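Some notes on the structure that comes next.
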Amino acid sequence: MSTTVDARGLNCPQPVILTKRIMDENSGEEIVTLVDNPTAAENVCKLATSQGYDFTVESRGSESHIHMSSQKSAQSQKQPACQDLAILVKSQYFGQGDDELGAILTKSFFYTLTEMGPELQNLIFMNGGVHLTTEDSPVLEHLEFLEQKGVQILSCGTCLDFFSKKEQLKVGQVTNMYTAAEILCKAAKTLVL
């Protein structure tokens with residue numbers, strides 16, 4: 001028996017997220033993911049490898065059908081997750097280069113975070129990152145969802161004041177540098193954007 005994930009027409013990271021959901025629910029059955037672009041095929045294949053799946057790719061015109069089967073028991077696939085991840089967000093744009101691309105990547109990144117498990121504990125927004133927690137943020141919906149899941153969302157008060165955005169804060173709480181530094185230093189794992 002197999003489960004099919006139809007990810008045709010979907011942009012990154014949706015094909016990977018949909019496939020990962022099925023992997024998490026899977027009890028050893030074959031998974032077949034259908035994609036229609038080379039980047040999605042490559043990303044799903046990387047996911048398969050990282051999760052302990054063997055895979056073959058069947059090309060059908062512009063489509064790729066990725067057949068995946070687990071060669072490990074479900075127990076051996078599970079790796080202990082770091083239960084204390086803190087992310088420092090320094091900009092409203094993901095990476096450096098083109099701001100339009102950075103805005104697209106920011107939306108994709110925060111959408112992907114909504115699919116994470118309980119390891120994400122704190123999101124700290126500093127400098128231009130505070131624009132993401134205030135009115136007209138393109139990721140406000142994702143941040144609200146994360147907050148409902150128990151993620152602590154903190155925005156630098158000095159930064160909000162500097163940009164005259166304190167009254168426009170829509171998600172999370174105002175924090176200070178001491179608290180932010182303390183969280184980042186004590187977290188088991190940190191990520192800086």
Result of the Cβ filter at 8 Å on the stretch 1-19, keeping first residues that are free of Cβ contacts under 8 Å to residues at least 60 places away in the same chain and partners that are polar (S, T, N, Q) and part of a loop (DSSP other than H, G, I, E, B), at least 6 apart or interchain, is Thr3/Asn26
In this structure, is Met116 modelled with pLDDT of 90 or more and in the same structural domain as Ser164 (by TED's automatic domain parsing)?
-> no
State all residues of the stretch 153-193 that are over 22 Å from Tyr93 (Cβ atoms) and hydroxyl-bearing (Ser, Thr, Tyr); if no residue qualifies, say none.
-> Tyr178, Thr179
Can you give me the ranges of the strands (runs of 3 or more DSSP E) entirely in the stretch 56-171 with at least 3 residues that are buried (at least 19 other Cβ atoms within 10 Å of the Cβ) and touching a Pro at 6+ places or on another chain (Cβ under 9 Å)?
-> none
How many residues, within the stretch 1-37, are closer than 18 Å to Gly61 by Cβ and not in a helix (DSSP H, G or I)?
-> 12
Taking the stretch 1-16 on its own, how many of its residues are at pLDDT 85 or above and under 19 Å from the mean Cα position of the chain (by Cα)?
-> 5
All conditions in (1) at pLDDT 95 or above; (2) in a helix (DSSP H, G or I) are true of Ala181 except (1)
Top-ranked residue in the stretch 24-38 [being more than 17 Å from Asp6 (Cβ to Cβ) and touching a helix residue (DSSP H, G or I) at 6+ places or on another chain (Cβ under 9 Å); ranked as modelled with the highest pLDDT] | Gly28
Determine which member of the set Glu30, Glu25 is touching a Ser or Thr at 6+ places or on another chain (Cβ under 9 Å), free of Cβ contacts under 8 Å to residues at least 12 places away in the same chain and farther than 25 Å from Thr106 by Cα.
-> Glu25
Just wondering, is there one or more residues in the stretch 133-148 that are free of Cβ contacts under 8 Å to residues at least 24 places away in the same chain and more than 26 Å from Gly97 (Cβ to Cβ)?
-> yes
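The values are calculated or read from the model by the stated rules, or taken from the named source; none is laboratory data. This structure is a prediction, so every number in the text was calculated from the model and none was measured. So basically every Cβ, Gly included, is an ideal-geometry build from the backbone, and we count neighbours across all protein chains shown.
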